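The values are calculated or read from the model by the stated rules, or taken from the named source; none is laboratory data. Predicted model only: the values in this text are computed from it and were never measured. For neighbour counting, all protein chains shown are included, and Cβ atoms are generated from backbone atoms with ideal geometry for every residue, glycine included.
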Amino acid sequence: MSSRITMRQIEALRAAVLTGGASAAARLLNVSQPSVSRLLADLEREVGFPLFDRSTRRLRPTPECEVLYAEAERLFAGLSGIAVRASEIRQSGLGQLRVACMPSLSSGVLPKVVAEFLRRRPEVQITLSSLGSVTVVDWVTRGLVDIGIALKPLESPGVESQPLISTELVCAMPAGHRLAKKAVIVPADLAEVDFIGLTDDRLAWGAIGSALHEAGITPKRRISTQRAYTAYALVAEGAGVAVVEPFTAHAFKDRGVVTRPFLPRIPLSYHLFFPVGRPPSGVARDFSTEVRAFLSRIAPGG
C-alpha cells in the first residue's frame, strides 16, 4: 500500500522533537496547537506505532520516533542544500559556460570579453572553442556548446539565432602606408600594393573577389592566410594590406595598424546561436549581453 505520509506531518514531527511539546512546535511552525496534535496523530496512524511518550507534559520521542527523526533531518538537510544551490544559481547563474566562436572573433575580441567577464564572475568557468561558422552552428545543434557566435550560414532547424551585430569589411594597413592618407579605399587603390588574401573566410572572400573582379583589379596577392587575425598580424609587420572584418583591429590598435572603410560595401552579419528548445541560462544571457556591448563599442563608428 502506498504511503500517505505528508511533508507537513514530517515538519510537525521534527518540530515536536526539537521543542519537546505540541504548543512550542505550533509556535515554531506558526500554526495552532490543535493542528500540530492532529498532524502527529495522523502520522502515528499512518506508521502504525506511537511516536511520543505522553505520560508527562513533555512529548518524549520513542526509540522508533528517533529513527524517523534521523531520516527527517537528512531530508531537511537535503532541502536546505537545494535552497542554498538555488540561491547561488539565482545570484550567479550556472557555473559552466561553453562557447563556440568563429576565429575572427575568438582570437582578437573574445579573450578581452572573457577576461573581463570572469573578473566580475569568479565562480564561472568558460570553455572557448574557435571554429568555422558552419561548425559553430553544428556544435550548437548537437548540444556541444551553450552559445555559438558566427556569421549566419544557411538556416539550421537545430538552432535558434539572434542578431548580434552588423558591420562591414574594412581595409587594414600599417599606419605609415600611403593608403592611410585616404578616407575610403576602393578596389583601384589595391592594384599596386602588396595584398594579403584570405583563403578560409568563404562568406566574405567571395564578395571581396567579386568586387575586385568587377572593378577589373587583380591585386598583388603575395601572401594568403586562413585567418583574419593572422592577416592583421601580417599587416602589423608591414607585409601588405588586407580587406578584413573590423573587430580584430581592436587587438592591433597599439601595433601600428589602422583601418579605412572599403567600397563597395561588403556587409557582415554576426549572430548568436542557441540550441532549440533549451532556454539559455542566466550566465549565458549575461555573457551574450557583454559580447554585444563590447562589439558595439569597438565597431567602426561605435
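List every residue pair whose Cβ atoms sit under 6 Å apart, with the two residues 6 or more apart in sequence or on different chains, where the first one lies in segment 226-244 and is surrounded by fewer than 24 Cβ atoms within 10 Å (Cβ to Cβ) and the second, anywhere, is basic (K, R).
A236/R255
Condition first: closer than 16 Å to A12 by Cβ and either modelled with pLDDT of 85 or more or aliphatic (A, V, I, L, M) (or both). Now tell me which residues in segment 72-109 satisfy that. Walk me through how you get there before you give the answer.
Step one: list which residues in segment 72-109 are closer than 16 Å to A12 by Cβ, which gives 72-73, 75-76, 79.
Those that are closer than 16 Å to A12 by Cβ and either modelled with pLDDT of 85 or more or aliphatic (A, V, I, L, M) (or both): A72, L75, L79.
Being under 24 Å from P103 (Cα atoms) and at pLDDT 85 or above narrows it down to one of A215, A231, A204, so name that one. Give the steps one after another, and end with the answer.
Details: A215 fails: under 24 Å from P103 (Cα atoms); A204 fails: at pLDDT 85 or above.
When all the criteria are applied, what remains is A231.
Return the pair list, or none, for Cβ contacts closer than 7 Å from residues in segment 125-136 that are within 16 Å of Y270 (Cβ to Cβ) and surrounded by fewer than 18 Cβ atoms within 10 Å (Cβ to Cβ) to residues that are modelled with pLDDT under 90 and among the aromatic types (F, W, Y), at least 6 apart or on different chains.
Taking only residues 6 or more apart or on different chains, not a single pair turns up.
Can you tell me which condition V145 does not meet? The list is (1) part of a loop (DSSP other than H, G, I, E, B); (2) crowded, with 16+ Cβ neighbours inside 10 Å; (3) out of contact with any Lys or Arg (no Cβ under 7 Å at 6 or more places or on another chain), and all the others hold.
So V145 meets the others, but not (3).
Look at segment 286-302 and say how many of its residues are surrounded by 14 or more Cβ atoms within 10 Å (Cβ to Cβ), in a helix (DSSP H, G or I) and either at positive phi or of a type outside the set (S, T, Y) (or both). I'd like the intermediate steps shown before the answer.
Taking segment 286-302 as the starting set, the residues that turn out to be surrounded by 14 or more Cβ atoms within 10 Å (Cβ to Cβ) are 286-288, 290-292, 294-295, 298-299.
Applying the additional criterion that residues be in a helix (DSSP H, G or I) yields 286-288, 290-292, 294-295, 298.
Adding the requirement that they be either at positive phi or of a type outside the set (S, T, Y) (or both) leaves 286-287, 290-292, 294-295, 298.
Number of matching residues: 8.
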